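J.: Sharing a structure here in structure tokens format.
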Amino acid sequence: MAALAASRQMSTLEVALRTFGARLFEAAPGLVTWVLLLAPAWIPIVFTSPGAFAVAGAVLVFDVYWLFRSVSVMRGVYRTYSRMRRDMSADWLALCEQDRAAGERDPLQFIHLSIIPTYTEPFVVGKSAAMNWGGRWMVRVLTDEGYELNRILITDLDSDYRVHPQYFAWISWHHSREPLRDYTIWQPVPLFHNNIWQVPMAVRVMSASTSQWQMFLHSQPHRLVAFSSYTCSLEFVHRVGYWDNDVIPEDSRFYWKAFFTFGKRFAVRSVYLPLYGDSPKSRDYASTHQSQYNQIKRWAWGVTDVPYVLARLFKHPEIPFGLRLRRFSNLFVNHLNWIFLPVLLMFGSSAPIWFSIDFSLTDVGQQVWSLSGILLTITLSTVFFFMYLEFRMLPPKPVEWPRWRRTIVHFQYFAYPVVGLVLSVLPALEAHTRLLLGRYLEYRVTEKT
């Protein structure tokens, strides 16, 4: 009896330790976020003038970094845009037919299926849960009917998306040529342009910035992850273990499950065709902005992947450690930068002056503030490039708009520093803080009327 009691006590202790460890992993991203976010304030307070000088120097370094990064983003976006124009002008179905006629390979052997989850699903509430049920059902039915799973290409397709007319032919042609096709996710370029002229200015700015950021990621293959809608073989889905039925960011979690299943063989490949989606639009002006806020918060809830990956980072020696560390670093740093960098750039040069009187009285303090302003102004000028490119991709403006409105809309993107702070940084910060405090996010559908 004593041994049994001791065994139960040890079991309870193990459960408690595991629970504590899991919560520690969950709390870590939010804790790091808040420590970094408040660093420009607490460093000058704790370390007085030397701390203020250190913060000022760091701010200037980040300002220069942001300037070069803006140029890098411009180049990446334009490179993706050029490739999209090239691929949008090709007849991929005709190329598939040519391959079949040549007899070397047959891109038309693949069958395309799309899973389109809807918010009215009564049994498995939430996109990831619906995808889990739908994927398992399709595998069971198609296997019984004698289909080969590696010849079925499945597309996770949100209900508001419009695929390019050549999308499925593009996938078939490239999938047939990919040696590691059953270890590959095909990721198109999402452009939130369907209803772009029917939403308020702030939502339009967020949709444009999201679209162009995704275009930039397509120029960085090592940083590309599954986002929103994508295509892979049903064999791939089956071997990964389907989508989790208890997560909100199903796309990024599916990416990490695939990475730990297939290791270095796994890759996300760019589809240089657009996938047109809706911007959030609700029943009225205020609720539309609330819907946009909630959508960004749901995307930022992808920070939950940090503890998920951290718990598995050292359990897969078959994957090169450098690759594991690099992928994890990209994940963690991207979520931190989402919040930290914009706030540092907007307020970082003022913080040493606000929180250190001695530093504020020095010439260096005033010069740092002025120099930071100049660097950020130069960086902001890159918005002209993004304006030009965005308006080349957008659908025509409504003909009923007066001329003044059709003109002033070109300058809306200069509002991004404020819009981004309210509709991107704040919802992301709420997501990190919720995870820190254990106040988990519930799945909420983004209204798109």
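The values are calculated or read from the model by the stated rules, or taken from the named source; none is laboratory data. In this text, all values refer to a predicted model and were calculated from it rather than measured experimentally. For neighbour counting, all protein chains shown are included, and Cβ atoms are generated from backbone atoms with ideal geometry for every residue, glycine included.
J.: For region 376-435, name all the residues that are over 23 Å from Gln292 (Cα atoms) and aromatic (Phe, Trp, Tyr).
T.: Residues satisfying the conditions are Phe384, Phe385, Tyr388, Trp401, Trp404.
J.: Assess whether Tyr443 counts as being in contact with an Asp or Glu (Cβ under 8 Å, 6 or more places away or on another chain), modelled with pLDDT under 85 and at negative phi.
T.: no
J.: Here's something else I'd like to know. I'm told Ala94 meets every condition in (1) outside any helix (DSSP H, G or I); (2) among the small types (Gly, Ala, Ser); (3) at pLDDT 95 or above except one. Can you identify the failing condition by its number?
T.: Tallying (1) outside any helix (DSSP H, G or I); (2) among the small types (Gly, Ala, Ser); (3) at pLDDT 95 or above, Ala94 fails exactly one: (1).
J.: OK, next. Could you pull out the residue among Val55, Val35 that is part of a helix (DSSP H, G or I), touching a helix residue (DSSP H, G or I) at 6+ places or on another chain (Cβ under 9 Å), closer than 24 Å to Gly365 by Cα and at pLDDT 90 or above?
T.: Checking each option against the conditions leaves just Val35.
J.: With the structure loaded, tell me whether Tyr65 is under 28 Å from Gln187 (Cα atoms), of a type in the set (Phe, Trp, Tyr) and either over 27 Å from the mean Cα position of the chain (by Cα) or part of a helix (DSSP H, G or I) (or both) or whether it fails that test.
T.: On the way: under 28 Å from Gln187 (Cα atoms): no; of a type in the set (Phe, Trp, Tyr): yes; either over 27 Å from the mean Cα position of the chain (by Cα) or part of a helix (DSSP H, G or I) (or both): yes.
So Tyr65 does not fit the description; no.
J.: Looking only at region 151-167, which residues are surrounded by fewer than 15 Cβ atoms within 10 Å (Cβ to Cβ) and touching a strand residue (DSSP E or B) at 6+ places or on another chain (Cβ under 8 Å)?
T.: Once the filter is applied, which keeps residues that are surrounded by fewer than 15 Cβ atoms within 10 Å (Cβ to Cβ) and touching a strand residue (DSSP E or B) at 6+ places or on another chain (Cβ under 8 Å), region 151-167 yields only Arg151.
J.: Among the residues of region 142-181, count how many are touching a Phe, Trp or Tyr at 6+ places or on another chain (Cβ under 9 Å) and part of a helix (DSSP H, G or I).
T.: The total comes to 14.
J.: Another question, then. Would you point out the residue of region 401-430, among those that are in contact (Cβ under 8 Å) with a residue 40 or more places away in the chain and in contact with a Pro (Cβ under 9 Å, 6 or more places away or on another chain), that is nearest to Asn337 (Cα to Cα)?
T.: Only one residue tops the list, namely Val425.
J.: Considering only residues that are assigned to a helix (DSSP H, G or I), crowded, with 18+ Cβ neighbours inside 10 Å and not aliphatic (A, V, I, L, M), which ones fall in region 344-362?
T.: Pro352, Phe355, Phe359 - these are the residues of region 344-362 that are assigned to a helix (DSSP H, G or I), crowded, with 18+ Cβ neighbours inside 10 Å and not aliphatic (A, V, I, L, M).
To keep it simple, each residue is scored yes or no on (1) more than 27 Å from Tyr167 (Cβ to Cβ); (2) β-branched (Val, Ile, Thr); (3) not in a loop (DSSP other than H, G, I, E, B).
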residue: Val225; (1), (2), (3): no, yes, no
residue: Glu235; (1), (2), (3): no, no, yes
residue: Lys257; (1), (2), (3): no, no, yes
residue: Phe328; (1), (2), (3): yes, no, yes
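J.: Do any residues in region 242-269 that are touching a residue at least 60 places away in the same chain (Cβ under 8 Å) and within 15 Å of Phe328 (Cβ to Cβ) have Cβ atoms under 6 Å from those of residues that are surrounded by 20 or more Cβ atoms within 10 Å (Cβ to Cβ) and hydroxyl-bearing (Ser, Thr, Tyr), where the two are at least six apart or on different chains, and which pairs are they?
T.: If the second residue must be surrounded by 20 or more Cβ atoms within 10 Å (Cβ to Cβ) and hydroxyl-bearing (Ser, Thr, Tyr), the pairs left are Phe266/Tyr183.
J.: Counting only residues that are among the charged types (D, E, K, R) and modelled with pLDDT of 85 or more, which one in region 117-142 is surrounded by the most Cβ atoms within 10 Å (Cβ to Cβ)?
T.: Checking each candidate, the answer is Arg136.
J.: Now for a different question. Of the residues Ala311, Ala300, only one is at pLDDT 85 or above, in contact with a Gly (Cβ under 9 Å, 6 or more places away or on another chain), in a helix (DSSP H, G or I) and among the hydrophobic types (A, V, I, L, M, F, W, C); which?
T.: That would be Ala311, the only listed residue that is at pLDDT 85 or above, in contact with a Gly (Cβ under 9 Å, 6 or more places away or on another chain), in a helix (DSSP H, G or I) and among the hydrophobic types (A, V, I, L, M, F, W, C).
One line per residue, one yes/no per condition, for (1) modelled with pLDDT of 90 or more; (2) part of a helix (DSSP H, G or I):
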{"residue": "Ala6", "(1), (2)": "no, yes"}
{"residue": "Phe25", "(1), (2)": "no, yes"}
{"residue": "Gly51", "(1), (2)": "no, yes"}
{"residue": "Tyr78", "(1), (2)": "yes, yes"}
{"residue": "Asp99", "(1), (2)": "yes, yes"}
{"residue": "Ser114", "(1), (2)": "yes, no"}
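J.: Please find, within region 380-400, the residue that is surrounded by the most Cβ atoms within 10 Å (Cβ to Cβ) out of those that are without any contact (Cβ under 8 Å) to a residue 24 or more places away in the chain and either on the phi > 0 side of the Ramachandran plot or not in a helix (DSSP H, G or I) (or both).
T.: Ser381
J.: Scanning region 228-257 for residues that are under 13 Å from Trp186 (Cα atoms) and of a type in the set (Gly, Ala, Ser), which turns out surrounded by the most Cβ atoms within 10 Å (Cβ to Cβ)?
T.: For region 228-257, the residue satisfying everything is Ser233.
Here is a yes/no grid of residues against (1) in a helix (DSSP H, G or I); (2) modelled with pLDDT under 95; (3) of a type in the set (Val, Ile, Thr); (4) under 24 Å from Ser70 (Cβ atoms):
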| residue | (1), (2), (3), (4) |
| --- | --- |
| Ser270 | no, no, no, yes |
| Asp278 | no, yes, no, no |
| Trp338 | yes, yes, no, yes |
| Pro342 | yes, yes, no, yes |
| Val364 | yes, yes, yes, no |
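J.: Based on this model, can you work out whether Ile339 counts as within 22 Å of Val205 (Cα to Cα) and among the β-branched types (Val, Ile, Thr)?
T.: Answer is yes for this residue.
J.: Residue by residue through region 208-247, note down the ones that are within 22 Å of Pro280 (Cβ to Cβ) and of a type in the set (Gly, Ala, Ser).
T.: Ala208, Ser209, Ser211, Ala226, Ser228, Ser229, listed by residue number.
J.: Out of (1) touching a Lys or Arg at 6+ places or on another chain (Cβ under 8 Å); (2) farther than 29 Å from Val419 by Cα; (3) at pLDDT below 95, what's the single condition that is false for Trp186?
T.: All conditions are met except number (3).
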